[in-house]
1. Could you tell me the convex hull volume per residue, in Å³, taken over the Cα atoms of segment 623-700?
2. Can you tell me the FRET efficiency between residue 46 and residue 123 if r is taken as the Cβ-Cβ distance and R0 is 51 Å, rounded to the nearest 0.05?
3. Taking amide H positions as placed in the peptide plane 1.01 Å from N, state which residues far from residue 468 in sequence (5 or more) or on other chains have amide H under 5 Å from it.
4. Which loop chymotrypsin sites (Phe, Trp or Tyr not before Pro) in segment 230-321, with loop taken from DSSP, have no more than 13 other Cβ atoms within 10 angstrom of their Cβ?
5. Tell me the net charge near residue 649. Cut-off is 12 Å between Cβ atoms, residue 649 excluded, with +1 for each Lys or Arg and -1 for each Asp or Glu.
6. So the label point goes 7 Å from the Cα of residue 560 along Cα→C-beta, right? Which residues of segment 654-677 then have their backbone N under 20 Å from it?
7. Which angle from 0 to 90°, rounded to the nearest 10, does the C-alpha axis of helix 2-36 make with the longest principal axis of the chain?
8. For helix 103-163, report the angle its Cα long axis makes with the longest principal axis of the Cα atoms of the chain; keep it between 0 and 90° and round to the nearest 10°.
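What follows is calculated from the coordinates using simple rules that are stated; it is not laboratory data. Bear in mind the structure is a predicted one, so any value in this text is a computation, not a measurement. Positions of Cβ are backbone-derived with ideal geometry, glycine not excepted, and every protein chain shown enters the neighbour counts.
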Amino acid sequence: MDGKADSRKPGRQKILYAVLLALSLGSLAGTALMGRSREVILIFDEAVPVAFLTGIVSTVGNLCAILMVNTIKKTGFLTAVTLLAVQLVILLFGLLAERRSSALPGLFSVVLVIIAVIMVYSREKRLDRYQTAELDAVKARQKATELLFEQTATALVNAIDAKDVYSRGHSLRVAEYASRIAGQMGKSEEECRQIYYAGLLHDVGKIGIKNAILTKAGKLNSEEYEVIKQHALIGRQILSGITAYPYLSIAANFHHERYDGRGYPEKLKGEDIPEIARIIAVADAYDAMSSNRSYRSAMPQQLVREEIVKGAGTQFDPEVARAMQHLIDVDEEYEMKERQEVRELAGKDELVCTELRNEVSEGILITFCVTRIRVRSVPEAMPEGAEESGAGIPTLILFDSLDGRYHDEPKTIRDLNYFEYAEIRFDGESSITGARNIMTEVEPSPSGAAEGPGKTGEKSYCLEMARLKDHVLITIDDGETLLRVTVAMPDSTRYAYAALTGAYCHLKNVSIDITLDRIREGDIQRIAPEISYVNGPAGDLPNVQIDGFRSAATQGVPITDGLRLRFHTMSLPTARLIWHCPFISVYSSENGKIKGPGFHEFALVRLDGENWDDRDDGIVNELTVDRKDYFIGWDAWKEKNKAGFDCTVTFERKGSGVTVTTENFGIFIRNTTYIDGGRKLFTAITGDQCALTDIRIRTA
Ligand SMILES: [Fe+2]
């Protein structure tokens with residue numbers, strides 16, 4: 001509102017200035033004209049010379065000049081002085097050149113007005129200076145209060161962190177995520193700031209919980225859980241004293257309420273839960289899942305996202321959940337999770353290995369860009385009687401897992417889809433686990449690639465790794481020989497990570513560089529045929545295998561009213577998430593191909609019903625996603641996708657609207673896009689990690 005009032009002010013001032021200027025100029029011209037007139041006019045039957053009226057007319061001009069200074073400050077002052085100076089010159093000319101003594105009173109009055117104008121202007125300027133100084137002082141006081149509040153809040157948060165080391169940094173991250181969600185939801189800067197502080201202090205009530213319960217490593221019993229639940233109420237009580245910021249205690253009190261009414265402390269439901277608490281609840285859950293805890297390591301970002309999708313409408317406010325999902329989607333660098341110091345070898349540049357696989361580094365992702373690893377290996381003394389083949393030699397484990405880490409516990413292997421391809425020893429010995437084939441070639445080392453063995457059996461290695469579709473190439477150069485190891489993975493949809501380990505060796509000075517050198521087709525020799533999941537019979541369009549997010553699409557089909565697409569879809573063996581399913585694209589392009597020249601996409605309808613309307617082209621999509629009573633649940637939905645099913649998508653074209661409808665296992669989706677003009681529109685099926693076969697086109 002303030003902004004609007006301010007924006008109206010300059011407009012009004014301009015009008016006032018124009019009126020005053022017109023009056024002033026008019027009176028100037030009138031005075032000059034009347035001053036020379038020898039005519040008389042009748043006023044109350046008295047003959048009055050017109051020249052007498054100059055006093056009245058010039059007073060109007062002088063008044064306008066004073067008003068201009070008073071209201072339009074600098075511009076008004078300059079205009080007024082200019083006009084008065086002109087008036088002064090005219091009057092002086094009349095007095096001296098034309099010897100008109102009638103100009104004398106006017107001359108005095110103009111001089112007086114000039115003095116008045118200067119006094120008014122300097123008073124205004126003093127007032128302005130005073131107001132600015134006063135405003136600056138208020139701002140400084142406000143800033144100091146904010147700083148004091150921030151420091152007090154941080155001190156409180158540090159007190160919670162000191163009590164509960166396992167969730168260190170949690171409050172700060174929740175504050176950060178909550179204000180980002182609020183921003184995504186279109187909240188103002190001030191609202192985001194309030195939400196930030198509410199997030200910072202949401203768990204302040206934990207100060208009042210006994211340490212023994214708060215930091216208990218095992219599962220809490222029901223009594224202990226009841227005690228923990230008290231932190232919401234204690235937080236409310238602590239923060240209710242801050243009357244200037246009532247939202248703080250509201251957020252602390254209600255941040256454990258659930259959208260379906262199964263939360264605590266008051267079992268509020270849906271919109272009855274204050275919005276600030278609904279936002280913090282999502283931020284809180286996101287951080288809890290994406291952070292390391294004493295009893296488990298952080299969940300992978302994609303699984304966290306899936307939990308938020310599953311919880312939308314039950315645990316979380318669907319709108320807030322959607323905002324969070326979007327933030328995760330645009331966070332390609334994984335900045336929005338607990339900052340991992342661990343980048344290489346668990347934060348260090350060395351690894352001391354005893355028995356093989358006792359110590360294993362973090363996984364290093366292998367991509368189409370060459371990753372170069374340099375490592376120095378020093379043999380470690382073996383205990384007496386111990387036998388280990390390959391002692392003193394480093395080894396690489398090649399694998400895929402949801403969190404990019406090596407695992408050997410059966411449960412984690414299952415939960416995090418750990419899948420091992422092969423083990424490659426730096427002397428060329430290798431063994432296959434899940435890979436389809438492995439080939440090792442030996443060449444002499446190109447000179448100077450690495451140092452030779454040192455006195456104590458030390459050896460420096462330079463590794464280069466890259467991947468092309470389902471093949472990985474690793475070169476190991478020890479200064480004497482260069483090993484070229486090619487591994488054929490089960491298919492091209494999995495990730496490939498490499499982790500360093502070894503037997504009785506001390507790996508030192510490890511450096512990992514991801515270069516910008518891209519590997520090209522033909523750089524890796526194929527040692528196994530390409531696996532295809534679309535070998536079945538084709539329908540009206542060729543079958544399509546989509547290995548990654550929108551990595552492939554069917555041919556385009558012109559959209560006509562009554563068009564029906566029927567196809568068989570099966571998610572690939574590596575698919576593990578809800579959105580590993582087909583997406584329907586509605587677009588236009590010059591050659592009818594998806595991503596063809598002039599490509600413009602109007603809608604992307606995903607079979608899981610997720611949609612983020614983040615367009616900036618003004619296109620409106622009306623999406624209805626209905627979970628029917630017979631919806632089978634997301635886990636069963638994923639199973640159905642794995643097994644494969646026939647899907648039908650229908651299209652309606654009426655006026656400017658294009659409607660896409662489909663229903664699969666209780667998820668009903670209808671999306672209408674409004675597109676101006678009679679553009680030729682096409683549809684194509686794309687998706688993520690799925691195989692599309694037997695695609696049939698039926699037109700009405
Ligand atoms: Fe909490």
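1. On the way: hull volume 9.6 nm³, N = 78.
Residue-normalised Cα hull volume stands at 123 Å³.
2. Numbers: r = 41 Å, r/R0 = 0.81.
It comes out at approximately 0.80.
3. Close amide H contacts, sequence-distant or interchain: 473.
4. On the way: sites: 247, 254, 259, 286, 295, 316; in loops: 259, 295.
Hits after loop and neighbour filter: 295.
5. Numbers: positive: 564, 566, 606, 670, 696, 698; negative: 646, 652, 663.
So the surrounding residues net to +3.
6. 654-661
7. 30
8. Helix 103-163 and the main axis of the chain meet at about 20 degrees.
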